[in-house]
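Sharing a structure, written as structure tokens. Questions coming.
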Amino acid sequence: MLQVRDDSASAFEELVARYEQRLVSLMTRLVGRRDMAEDLAQDVFLRVYRARKRYVPGSKFSTWMYTIAHNVAANALRSLARRPEVNLVGSESGEQRGNPMDATALAASGLMPTRQLEKAELSEVVNMAVTALNERQRMAVLLNKFEHLSYEEIAEVMELTPAAVKSLLSRARANLREVLDPYLKQGSKIVDSDEPS
């Protein structure tokens, strides 16, 4: 980042190459849409570049970048809440949802289809549970579990104290446990009360 601060284009390209996929993944989990996440990640890198002259190496670059990402995601989520979007493209149009399983990959993996379906279903339930968390809890969980940031680093990103982060993560884990326990105990999805039993 110090080279980027000194206007090195190749250093900036290296930063983008190192962090782009991680940032897109984080943003996808935060906003729930890959296309939007890619746009938000570009916005983060644009802000990093614009702020390069003000960068002071007090903490790790990734912590500084995730602080910017947190602010960008929070703004995007507020904007979405004010103007919800409706997806007019249905699955009949060829759009595929989730992770379609390729028969060749399944055969090559040696895993039975039922095992693959169980993993896919569990992954879906975990993603739904994380999505159900409030914005602050979701951000803390994602930074902790997927980006492996320490409590201190998360505190810096989210402008909280480490004790507040610990409390936030504790509440998030309790909320996740509440949603996931019935699934893990029963081995099946929780049926909505509107659906017939």
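Tell me the residue from LEU143, LEU117, LEU111 that is modelled with pLDDT under 80 and part of a helix (DSSP H, G or I), please. It would help to see each step written out before you state the result.
On the way: LEU143 fails: modelled with pLDDT under 80; LEU111 fails: part of a helix (DSSP H, G or I).
Only one candidate passes the filter, namely LEU117.
Conditions (1) at pLDDT 90 or above; (2) within 23 Å of MET139 (Cα to Cα), marked per residue:
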residue: ALA11; (1), (2): yes, no
residue: VAL16; (1), (2): yes, yes
residue: MET36; (1), (2): yes, yes
residue: VAL44; (1), (2): yes, yes
residue: HIS70; (1), (2): yes, yes
residue: ALA74; (1), (2): no, yes
residue: GLU92; (1), (2): no, no
residue: GLU95; (1), (2): no, no
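Can you name the number of the only condition in (1) surrounded by fewer than 11 Cβ atoms within 10 Å (Cβ to Cβ); (2) modelled with pLDDT under 80; (3) part of a helix (DSSP H, G or I) that PRO196 fails?
All conditions pass for PRO196, except number (3).
Which one is nearest to GLU147 (Cα to Cα), of the residues in region 41-63 that are surrounded by 14 or more Cβ atoms within 10 Å (Cβ to Cβ) and of a type in the set (Val, Ile, Thr)?
Of everything passing the filter in region 41-63, THR63 is nearest to GLU147 (Cα to Cα).
Of everything in region 146-178, what is under 19 Å from ARG78 (Cβ atoms) and in a loop (DSSP other than H, G, I, E, B)? Give them in sequence order.
Matches in region 146-178: GLU159, LEU160.
While we're on this one: Looking for something free of Cβ contacts under 8 Å to residues at least 24 places away in the same chain, surrounded by fewer than 16 Cβ atoms within 10 Å (Cβ to Cβ) and outside the structural domain of ASN144 (by TED's automatic domain parsing) - is there at least one such residue anywhere in region 20-29? Give the derivation first.
If we filter region 20-29 for residues that are free of Cβ contacts under 8 Å to residues at least 24 places away in the same chain, which is where we start, we get 21, 24, 28.
Now restrict to residues that are surrounded by fewer than 16 Cβ atoms within 10 Å (Cβ to Cβ): 21.
Add one more test, that the residue is outside the structural domain of ASN144 (by TED's automatic domain parsing), and what stays is 21.
So far as region 20-29 goes, yes, one or more of its residues are free of Cβ contacts under 8 Å to residues at least 24 places away in the same chain, surrounded by fewer than 16 Cβ atoms within 10 Å (Cβ to Cβ) and outside the structural domain of ASN144 (by TED's automatic domain parsing).
The values are calculated or read from the model by the stated rules, or taken from the named source; none is laboratory data. Everything numeric in this text was worked out from a predicted model, so none of it was measured. Reconstructed Cβ throughout: ideal geometry from the backbone, glycine too, with neighbour counts over all protein chains shown.
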